[in-house]
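The values are calculated or read from the model by the stated rules, or taken from the named source; none is laboratory data. All values derive from a computational prediction rather than experimental measurement. Methodologically, a virtual Cβ is constructed for each residue, glycine included, from the backbone with ideal geometry; neighbour enumeration extends over all protein chains shown. The protein model used for the area step is the full one, side chains on, heavy atoms only, and it has no ligands, DNA or RNA in it. Shrake-Rupley method; radii C 1.70, N 1.55, O 1.52, S 1.80 Å.
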Amino acid sequence: MEKDQEKVFVNDPNKTYGLMEIVEGTSPMAEKAPEDTIESFPHYIILLTICSLAVTFVLFIISLFLDAPLEELANPLVTPNPGKAPWYFTGIQELIHYTDKPVIPGIIIPLLIIIWLFLIPYIDRKPKTRFTSLFNRIFIGGEKRRILIVLFTSFVLGALIFTLIGSLFRGENWNFILPWR
Amino acid sequence: MKKGILQRILESAVWRSIFRTGIPDTDLKRSMLMYNNFFLHIFPVKMKRHGLRFCYTFCLGGISFLLFIILCVTGILLMFLYTPSIERAYFDMQALALIFNGKILRNLHRWAAHGMVVTVFLHMVRVFYTRSYRPPREFNWVIGIWLLILTLALSYTGYLLPWDQLAYWGITVGTTIMSYTPFLGKHIQYFVLGADEVGHEALLRFYVLHCAVIPFVALVLMAIHFWRVRKDGGISGPL
(Lines give C-alpha, C1' and ligand atoms only; values in the text may rest on other atoms or scores of the structure.)
Protein backbone atom coordinates (compact mmCIF):
# COMPACT_ATOMS: atom_id res chain seq x y z
CA MET A 1 0.00 0.00 0.00
CA GLU A 2 2.85 2.39 0.92
CA LYS A 3 4.47 1.81 -2.45
CA ASP A 4 1.22 2.34 -4.31
CA GLN A 5 0.77 5.66 -2.59
CA GLU A 6 4.27 6.78 -3.54
CA LYS A 7 3.55 6.05 -7.16
CA VAL A 8 0.60 8.41 -7.10
CA PHE A 9 2.06 11.04 -4.78
CA VAL A 10 5.67 11.41 -5.80
CA ASN A 11 7.76 12.85 -2.98
CA ASP A 12 9.11 15.63 -5.09
CA PRO A 13 9.52 19.06 -3.46
CA ASN A 14 9.35 20.79 -6.84
CA LYS A 15 6.03 19.34 -7.70
CA THR A 16 3.20 21.79 -7.78
CA TYR A 17 -0.35 20.77 -7.30
CA GLY A 18 -3.36 22.08 -9.02
CA LEU A 19 -6.99 21.22 -9.35
CA MET A 20 -7.24 18.69 -12.15
CA GLU A 21 -10.70 17.38 -11.94
CA ILE A 22 -13.74 17.30 -9.75
CA VAL A 23 -14.85 13.76 -9.08
CA GLU A 24 -18.02 12.49 -7.54
CA GLY A 25 -17.82 11.08 -4.05
CA THR A 26 -19.44 11.18 -0.67
CA SER A 27 -16.41 11.65 1.55
CA PRO A 28 -13.16 13.60 1.23
CA MET A 29 -10.18 11.61 -0.01
CA ALA A 30 -7.39 14.03 0.84
CA GLU A 31 -3.81 12.72 0.63
CA LYS A 32 -4.93 9.24 -0.22
CA ALA A 33 -4.27 7.16 -3.25
CA PRO A 34 -7.35 6.05 -5.11
CA GLU A 35 -8.57 2.87 -3.48
CA ASP A 36 -11.26 0.49 -4.60
CA THR A 37 -13.18 0.30 -1.35
CA ILE A 38 -16.82 0.65 -0.46
CA GLU A 39 -18.73 1.13 2.76
CA SER A 40 -19.34 -2.15 4.62
CA PHE A 41 -22.71 -0.78 5.61
CA PRO A 42 -24.89 -1.37 3.68
CA HIS A 43 -23.09 -3.28 0.89
CA TYR A 44 -21.51 -6.04 2.95
CA ILE A 45 -24.20 -6.23 5.61
CA ILE A 46 -26.87 -6.85 2.98
CA LEU A 47 -24.80 -9.66 1.46
CA LEU A 48 -24.17 -11.10 4.92
CA THR A 49 -27.86 -11.05 5.82
CA ILE A 50 -29.01 -12.60 2.54
CA CYS A 51 -26.36 -15.32 2.68
CA SER A 52 -27.09 -16.18 6.35
CA LEU A 53 -30.84 -16.33 5.78
CA ALA A 54 -30.43 -18.45 2.65
CA VAL A 55 -28.17 -20.98 4.38
CA THR A 56 -30.45 -21.18 7.43
CA PHE A 57 -33.51 -21.57 5.19
CA VAL A 58 -31.93 -24.36 3.11
CA LEU A 59 -30.84 -26.13 6.31
CA PHE A 60 -34.38 -25.91 7.68
CA ILE A 61 -35.86 -27.35 4.47
CA ILE A 62 -33.38 -30.24 4.52
CA SER A 63 -34.13 -30.91 8.20
CA LEU A 64 -37.87 -30.87 7.56
CA PHE A 65 -37.76 -33.60 4.95
CA LEU A 66 -34.64 -35.61 5.74
CA ASP A 67 -34.39 -37.36 9.09
CA ALA A 68 -31.05 -37.99 10.76
CA PRO A 69 -30.40 -41.73 10.83
CA LEU A 70 -31.04 -43.67 14.01
CA GLU A 71 -30.43 -47.38 13.82
CA GLU A 72 -31.01 -50.03 16.47
CA LEU A 73 -29.54 -49.83 19.95
CA ALA A 74 -25.76 -50.31 20.02
CA ASN A 75 -24.92 -53.98 20.37
CA PRO A 76 -21.27 -55.07 20.69
CA LEU A 77 -22.27 -58.64 19.81
CA VAL A 78 -23.81 -57.83 16.41
CA THR A 79 -21.25 -56.52 13.94
CA PRO A 80 -22.85 -54.83 10.94
CA ASN A 81 -21.45 -55.81 7.57
CA PRO A 82 -19.78 -53.62 6.51
CA GLY A 83 -18.94 -51.60 9.62
CA LYS A 84 -18.23 -48.13 8.37
CA ALA A 85 -16.50 -45.13 9.91
CA PRO A 86 -18.20 -41.71 9.57
CA TRP A 87 -18.23 -40.67 5.90
CA TYR A 88 -15.22 -38.32 6.17
CA PHE A 89 -13.05 -41.26 7.24
CA THR A 90 -14.34 -43.83 4.73
CA GLY A 91 -11.65 -42.65 2.31
CA ILE A 92 -9.01 -43.86 4.77
CA GLN A 93 -10.97 -47.07 5.29
CA GLU A 94 -11.07 -47.59 1.52
CA LEU A 95 -7.28 -47.13 1.32
CA ILE A 96 -6.73 -49.59 4.18
CA HIS A 97 -8.72 -52.15 2.21
CA TYR A 98 -6.02 -52.19 -0.52
CA THR A 99 -3.17 -53.16 1.77
CA ASP A 100 -2.35 -55.61 4.53
CA LYS A 101 -0.30 -52.96 6.34
CA PRO A 102 -3.04 -50.66 7.70
CA VAL A 103 -0.51 -48.38 9.40
CA ILE A 104 0.54 -46.84 6.06
CA PRO A 105 -2.84 -45.54 4.80
CA GLY A 106 -4.37 -45.37 8.27
CA ILE A 107 -1.78 -43.32 10.13
CA ILE A 108 1.30 -42.40 8.10
CA ILE A 109 -0.36 -41.00 4.96
CA PRO A 110 -2.94 -38.82 6.82
CA LEU A 111 -0.21 -37.57 9.17
CA LEU A 112 2.10 -36.69 6.27
CA ILE A 113 -0.74 -34.89 4.47
CA ILE A 114 -1.54 -32.84 7.58
CA ILE A 115 2.13 -31.91 8.11
CA TRP A 116 2.39 -30.98 4.43
CA LEU A 117 -0.75 -28.82 4.70
CA PHE A 118 0.75 -27.03 7.71
CA LEU A 119 3.96 -26.37 5.79
CA ILE A 120 2.43 -25.08 2.53
CA PRO A 121 2.71 -21.34 3.39
CA TYR A 122 6.27 -21.80 4.63
CA ILE A 123 7.55 -23.59 1.51
CA ASP A 124 5.67 -21.40 -0.99
CA ARG A 125 7.70 -18.23 -0.45
CA LYS A 126 9.73 -15.95 -2.63
CA PRO A 127 13.17 -17.64 -2.95
CA LYS A 128 16.01 -15.54 -1.57
CA THR A 129 19.08 -17.75 -1.78
CA ARG A 130 20.17 -20.23 -4.44
CA PHE A 131 19.19 -23.13 -2.18
CA THR A 132 15.67 -21.86 -1.58
CA SER A 133 15.33 -21.17 -5.28
CA LEU A 134 16.17 -24.83 -6.03
CA PHE A 135 13.86 -25.92 -3.22
CA ASN A 136 11.13 -23.77 -4.69
CA ARG A 137 11.62 -25.24 -8.17
CA ILE A 138 11.32 -28.81 -6.83
CA PHE A 139 8.41 -28.46 -4.40
CA ILE A 140 6.47 -25.47 -5.72
CA GLY A 141 7.23 -25.19 -9.39
CA GLY A 142 8.25 -21.55 -9.74
CA GLU A 143 6.17 -18.41 -9.57
CA LYS A 144 3.11 -20.13 -11.03
CA ARG A 145 3.45 -22.94 -8.41
CA ARG A 146 2.49 -25.60 -10.94
CA ILE A 147 3.81 -28.54 -8.88
CA LEU A 148 2.04 -27.39 -5.73
CA ILE A 149 -1.25 -26.96 -7.60
CA VAL A 150 -0.94 -30.43 -9.14
CA LEU A 151 -0.18 -31.95 -5.71
CA PHE A 152 -3.00 -30.12 -3.93
CA THR A 153 -5.53 -30.85 -6.67
CA SER A 154 -4.65 -34.54 -6.62
CA PHE A 155 -5.04 -34.52 -2.82
CA VAL A 156 -8.51 -32.95 -3.08
CA LEU A 157 -9.61 -35.22 -5.95
CA GLY A 158 -8.13 -38.29 -4.22
CA ALA A 159 -9.93 -37.47 -0.97
CA LEU A 160 -13.16 -36.94 -2.92
CA ILE A 161 -12.92 -40.13 -4.99
CA PHE A 162 -11.86 -42.47 -2.16
CA THR A 163 -14.45 -40.98 0.21
CA LEU A 164 -17.17 -41.43 -2.41
CA ILE A 165 -16.15 -45.03 -3.16
CA GLY A 166 -15.76 -45.90 0.51
CA SER A 167 -19.05 -44.43 1.64
CA LEU A 168 -21.34 -45.22 -1.31
CA PHE A 169 -19.87 -47.99 -3.45
CA ARG A 170 -18.93 -50.50 -0.75
CA GLY A 171 -21.30 -53.13 0.54
CA GLU A 172 -21.08 -56.47 2.30
CA ASN A 173 -17.50 -57.63 2.97
CA TRP A 174 -16.35 -54.33 1.42
CA ASN A 175 -17.30 -55.63 -2.05
CA PHE A 176 -17.94 -53.14 -4.80
CA ILE A 177 -21.63 -52.32 -5.16
CA LEU A 178 -23.67 -49.77 -7.06
CA PRO A 179 -25.67 -47.65 -4.60
CA TRP A 180 -28.67 -47.36 -6.93
CA ARG A 181 -29.12 -51.13 -7.31
CA MET B 1 -44.00 19.03 9.97
CA LYS B 2 -45.59 16.28 11.99
CA LYS B 3 -43.32 13.47 13.08
CA GLY B 4 -44.21 9.88 12.26
CA ILE B 5 -44.25 7.19 14.93
CA LEU B 6 -41.07 5.59 13.53
CA GLN B 7 -39.28 8.91 13.66
CA ARG B 8 -40.37 9.41 17.27
CA ILE B 9 -39.04 5.98 18.27
CA LEU B 10 -35.74 6.52 16.46
CA GLU B 11 -35.26 9.86 18.20
CA SER B 12 -36.36 8.72 21.65
CA ALA B 13 -33.86 8.74 24.52
CA VAL B 14 -34.19 4.98 25.02
CA TRP B 15 -33.47 4.13 21.39
CA ARG B 16 -30.55 6.55 21.25
CA SER B 17 -29.09 5.06 24.42
CA ILE B 18 -28.95 1.65 22.73
CA PHE B 19 -28.11 2.63 19.15
CA ARG B 20 -25.97 5.74 19.37
CA THR B 21 -25.41 6.38 15.71
CA GLY B 22 -28.90 7.21 14.47
CA ILE B 23 -30.01 6.87 10.88
CA PRO B 24 -26.90 6.16 8.79
CA ASP B 25 -27.45 8.80 6.11
CA THR B 26 -23.84 9.95 5.77
CA ASP B 27 -20.59 8.02 5.20
CA LEU B 28 -19.41 9.03 8.66
CA LYS B 29 -22.54 7.64 10.30
CA ARG B 30 -22.28 4.45 8.21
CA SER B 31 -18.76 3.99 9.52
CA MET B 32 -19.82 4.79 13.08
CA LEU B 33 -22.62 2.24 12.83
CA MET B 34 -20.10 -0.53 12.06
CA TYR B 35 -17.60 0.78 14.57
CA ASN B 36 -19.94 1.27 17.52
CA ASN B 37 -21.81 -2.01 17.20
CA PHE B 38 -20.42 -4.88 19.26
CA PHE B 39 -21.37 -7.51 16.70
CA LEU B 40 -20.33 -5.52 13.63
CA HIS B 41 -17.07 -4.08 14.92
CA ILE B 42 -15.12 -7.18 13.90
CA PHE B 43 -15.76 -6.09 10.30
CA PRO B 44 -13.87 -3.21 8.70
CA VAL B 45 -15.90 -0.05 8.06
CA LYS B 46 -14.72 -0.07 4.46
CA MET B 47 -14.03 -3.08 2.32
CA LYS B 48 -12.18 -3.79 -0.86
CA ARG B 49 -14.70 -4.06 -3.65
CA HIS B 50 -13.31 -7.34 -5.01
CA GLY B 51 -13.63 -8.92 -1.56
CA LEU B 52 -17.39 -8.74 -1.86
CA ARG B 53 -17.41 -10.76 -5.06
CA PHE B 54 -19.24 -14.00 -4.32
CA CYS B 55 -17.06 -15.98 -6.72
CA TYR B 56 -13.90 -15.01 -4.84
CA THR B 57 -14.79 -16.39 -1.40
CA PHE B 58 -18.06 -18.25 -2.07
CA CYS B 59 -18.84 -17.11 1.50
CA LEU B 60 -17.37 -20.42 2.69
CA GLY B 61 -15.67 -19.14 5.84
CA GLY B 62 -18.76 -17.20 6.83
CA ILE B 63 -21.05 -20.17 6.15
CA SER B 64 -18.78 -22.36 8.30
CA PHE B 65 -19.09 -19.92 11.19
CA LEU B 66 -22.85 -19.59 10.70
CA LEU B 67 -23.16 -23.38 10.83
CA PHE B 68 -21.03 -23.36 14.00
CA ILE B 69 -23.45 -20.90 15.62
CA ILE B 70 -26.45 -23.02 14.54
CA LEU B 71 -24.67 -26.08 15.96
CA CYS B 72 -24.06 -24.30 19.28
CA VAL B 73 -27.70 -23.25 19.60
CA THR B 74 -29.20 -26.62 18.60
CA GLY B 75 -26.50 -28.46 20.55
CA ILE B 76 -27.26 -26.65 23.79
CA LEU B 77 -30.98 -27.34 23.33
CA LEU B 78 -30.18 -31.02 22.73
CA MET B 79 -28.12 -31.13 25.92
CA PHE B 80 -31.33 -30.46 27.88
CA LEU B 81 -32.79 -33.64 26.44
CA TYR B 82 -29.86 -36.03 26.54
CA THR B 83 -28.14 -38.15 29.19
CA PRO B 84 -24.64 -39.44 28.45
CA SER B 85 -25.07 -42.96 29.77
CA ILE B 86 -25.33 -46.19 27.83
CA GLU B 87 -28.57 -47.05 29.62
CA ARG B 88 -30.34 -43.87 28.62
CA ALA B 89 -28.66 -42.26 25.61
CA TYR B 90 -30.43 -44.30 22.91
CA PHE B 91 -33.82 -44.02 24.58
CA ASP B 92 -33.37 -40.28 24.95
CA MET B 93 -32.88 -40.25 21.18
CA GLN B 94 -36.16 -42.14 20.70
CA ALA B 95 -37.96 -39.86 23.14
CA LEU B 96 -36.63 -36.88 21.23
CA ALA B 97 -38.76 -37.89 18.24
CA LEU B 98 -41.87 -37.55 20.43
CA ILE B 99 -41.03 -34.09 21.73
CA PHE B 100 -42.47 -31.10 19.87
CA ASN B 101 -39.99 -30.28 17.08
CA GLY B 102 -37.45 -32.60 18.72
CA LYS B 103 -36.79 -34.39 15.46
CA ILE B 104 -36.13 -31.15 13.61
CA LEU B 105 -33.73 -30.09 16.36
CA ARG B 106 -31.71 -33.25 15.91
CA ASN B 107 -31.90 -33.06 12.11
CA LEU B 108 -30.67 -29.47 12.14
CA HIS B 109 -27.75 -30.43 14.36
CA ARG B 110 -26.85 -33.47 12.26
CA TRP B 111 -27.03 -31.84 8.83
CA ALA B 112 -25.35 -28.64 9.98
CA ALA B 113 -22.50 -30.77 11.38
CA HIS B 114 -22.02 -32.63 8.09
CA GLY B 115 -22.34 -29.31 6.28
CA MET B 116 -19.66 -27.73 8.41
CA VAL B 117 -17.17 -30.49 7.63
CA VAL B 118 -17.81 -29.83 3.93
CA THR B 119 -17.68 -26.02 4.08
CA VAL B 120 -14.55 -25.89 6.25
CA PHE B 121 -12.78 -28.22 3.82
CA LEU B 122 -13.97 -26.21 0.81
CA HIS B 123 -12.87 -23.01 2.57
CA MET B 124 -9.36 -24.46 2.80
CA VAL B 125 -9.51 -25.38 -0.91
CA ARG B 126 -10.61 -21.84 -1.80
CA VAL B 127 -7.84 -20.25 0.27
CA PHE B 128 -5.31 -22.50 -1.43
CA TYR B 129 -6.37 -21.69 -4.99
CA THR B 130 -6.51 -17.94 -4.32
CA ARG B 131 -3.05 -18.32 -2.73
CA SER B 132 -4.26 -16.39 0.29
CA TYR B 133 -1.81 -18.14 2.62
CA ARG B 134 1.12 -16.07 1.44
CA PRO B 135 2.89 -13.71 3.88
CA PRO B 136 1.71 -12.15 6.13
CA ARG B 137 -1.10 -14.72 6.31
CA GLU B 138 0.99 -17.89 6.80
CA PHE B 139 0.07 -18.38 10.43
CA ASN B 140 -3.62 -17.85 9.82
CA TRP B 141 -3.49 -20.77 7.37
CA VAL B 142 -1.93 -22.88 10.15
CA ILE B 143 -4.75 -21.90 12.55
CA GLY B 144 -7.18 -22.76 9.76
CA ILE B 145 -5.75 -26.28 9.43
CA TRP B 146 -6.11 -26.70 13.20
CA LEU B 147 -9.72 -25.60 12.88
CA LEU B 148 -10.29 -28.20 10.15
CA ILE B 149 -8.87 -30.89 12.46
CA LEU B 150 -11.05 -29.65 15.33
CA THR B 151 -14.12 -29.66 13.07
CA LEU B 152 -13.46 -33.31 12.23
CA ALA B 153 -12.91 -34.04 15.95
CA LEU B 154 -16.18 -32.31 16.85
CA SER B 155 -18.09 -34.26 14.25
CA TYR B 156 -16.43 -37.52 15.21
CA THR B 157 -17.06 -37.18 18.96
CA GLY B 158 -20.68 -36.28 18.27
CA TYR B 159 -21.08 -39.38 16.12
CA LEU B 160 -21.01 -41.70 19.14
CA LEU B 161 -23.61 -39.88 21.23
CA PRO B 162 -26.85 -41.40 19.79
CA TRP B 163 -25.52 -44.81 20.91
CA ASP B 164 -27.06 -46.73 18.04
CA GLN B 165 -25.37 -49.37 15.87
CA LEU B 166 -24.16 -46.71 13.40
CA ALA B 167 -22.49 -44.76 16.21
CA TYR B 168 -21.03 -47.75 18.04
CA TRP B 169 -19.44 -49.37 15.01
CA GLY B 170 -18.42 -46.07 13.42
CA ILE B 171 -16.39 -45.25 16.51
CA THR B 172 -15.12 -48.83 16.79
CA VAL B 173 -13.81 -48.71 13.21
CA GLY B 174 -12.28 -45.26 13.74
CA THR B 175 -10.52 -46.08 16.99
CA THR B 176 -9.27 -49.38 15.52
CA ILE B 177 -7.57 -47.33 12.79
CA MET B 178 -6.00 -45.23 15.58
CA SER B 179 -4.68 -48.37 17.25
CA TYR B 180 -2.58 -49.10 14.12
CA THR B 181 -0.18 -46.32 15.19
CA PRO B 182 3.26 -47.87 15.68
CA PHE B 183 4.35 -48.34 19.32
CA LEU B 184 1.67 -46.07 20.83
CA GLY B 185 -1.41 -47.46 19.08
CA LYS B 186 -2.99 -49.34 21.97
CA HIS B 187 -2.21 -46.51 24.39
CA ILE B 188 -3.83 -43.93 22.12
CA GLN B 189 -6.91 -46.13 21.73
CA TYR B 190 -7.11 -46.59 25.50
CA PHE B 191 -6.65 -42.86 26.08
CA VAL B 192 -9.45 -42.00 23.66
CA LEU B 193 -11.90 -44.68 24.83
CA GLY B 194 -11.02 -44.80 28.52
CA ALA B 195 -11.22 -48.59 28.23
CA ASP B 196 -10.28 -51.35 25.81
CA GLU B 197 -13.58 -51.15 23.97
CA VAL B 198 -16.26 -48.59 23.22
CA GLY B 199 -18.39 -48.41 26.36
CA HIS B 200 -19.66 -46.11 29.05
CA GLU B 201 -16.25 -44.48 29.59
CA ALA B 202 -15.95 -43.67 25.90
CA LEU B 203 -19.47 -42.21 25.79
CA LEU B 204 -18.74 -39.92 28.75
CA ARG B 205 -15.39 -38.85 27.33
CA PHE B 206 -16.82 -38.13 23.91
CA TYR B 207 -19.72 -36.21 25.49
CA VAL B 208 -17.46 -33.91 27.50
CA LEU B 209 -15.07 -33.43 24.57
CA HIS B 210 -17.97 -32.79 22.20
CA CYS B 211 -19.93 -30.37 24.38
CA ALA B 212 -17.23 -28.50 26.28
CA VAL B 213 -13.56 -29.04 25.47
CA ILE B 214 -13.42 -28.99 21.66
CA PRO B 215 -16.04 -26.22 21.14
CA PHE B 216 -14.15 -24.01 23.58
CA VAL B 217 -10.77 -24.58 21.92
CA ALA B 218 -12.36 -24.11 18.49
CA LEU B 219 -13.99 -20.86 19.60
CA VAL B 220 -10.69 -19.44 20.86
CA LEU B 221 -8.93 -20.42 17.63
CA MET B 222 -11.79 -18.93 15.59
CA ALA B 223 -11.45 -15.64 17.48
CA ILE B 224 -7.73 -15.56 16.65
CA HIS B 225 -8.48 -16.61 13.05
CA PHE B 226 -10.94 -13.74 12.48
CA TRP B 227 -8.81 -11.21 14.35
CA ARG B 228 -5.80 -12.11 12.25
CA VAL B 229 -7.76 -11.71 9.00
CA ARG B 230 -8.11 -8.05 9.99
CA LYS B 231 -4.59 -7.66 11.34
CA ASP B 232 -3.04 -9.23 8.26
CA GLY B 233 -4.62 -6.62 6.04
CA GLY B 234 -8.17 -7.79 5.50
CA ILE B 235 -9.29 -10.16 2.79
CA SER B 236 -6.54 -11.16 0.39
CA GLY B 237 -6.28 -9.54 -3.01
CA PRO B 238 -6.69 -11.24 -6.39
CA LEU B 239 -3.69 -13.17 -7.67
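Points worth noting:
- Under DSSP loop assignment and at most 15 Cβ neighbours within 10 Å, longest GluC sites (Glu not before Pro)-free interval of chain B: B:88-196
- Linear extension gain, A:ILE114 paired with A:TRP180, 0.36 nm per residue minus alpha-carbon span: 20.4 nm
- Cβ-based net charge around A:THR163, under 14 Å, with every Lys or Arg adding one and every Asp or Glu removing one: +1
- Helix-only mean residue ellipticity at 222 nm for chain B, each DSSP H run of n ≥ 4 adding -39500 (n - 2.57), per residue, nearest 500: -20500 deg cm²/dmol
- Accessible surface for region B:58-231, divided over its residues, is 46 Å² per residue with a 1.4 Å probe.
- Under 14 Å, Cβ to Cβ, from A:ARG146 - net charge with Lys/Arg +1 and Asp/Glu -1: +2
- Accessible-area ranking of B:LEU78, B:LEU203, largest first, probe 1.4 Å: B:LEU78, B:LEU203
- When both region B:1-50 and region B:73-101 are represented by their alpha-carbon centers, they are found 42 Å apart.
- Counting 0.36 nm for each residue step from A:PHE139 to A:PHE169 and taking away their Cα separation leaves a gain of 7.4 nm.
- Charge context of A:ARG125, other residues only, Cβ under 14 angstrom, K/R +1, D/E -1: +4
- Restraint check, A:LYS101/A:LYS144; A:LYS144/B:LYS46; B:LYS2/B:LYS29, Cα-Cα greater than 27 Å: A:LYS101/A:LYS144; A:LYS144/B:LYS46
- Peptide B:172-183 - average C-beta neighbours from other chains (10 Å radius): 5
- Longest exposed-site-free window of chain B, the sites being trypsin sites (Lys or Arg not before Pro) in a DSSP loop that have at most 14 other C-beta atoms within 10 Å: B:89-239
- Per residue of peptide A:131-141, the mean number of Cβ atoms on other chains within 10 Å of the residue Cβ is 0.
- Neighbouring partner chain Cβ atoms per residue of B:37-50, average, 10 Å criterion: 3
- Residues B:HIS210, A:HIS97 ordered from highest to lowest accessible area at a 1.4 Å probe: A:HIS97, B:HIS210.
- Prolate/oblate/rounded call for region A:27-181, Cα gyration tensor, a/c under 1.5 rounded: oblate
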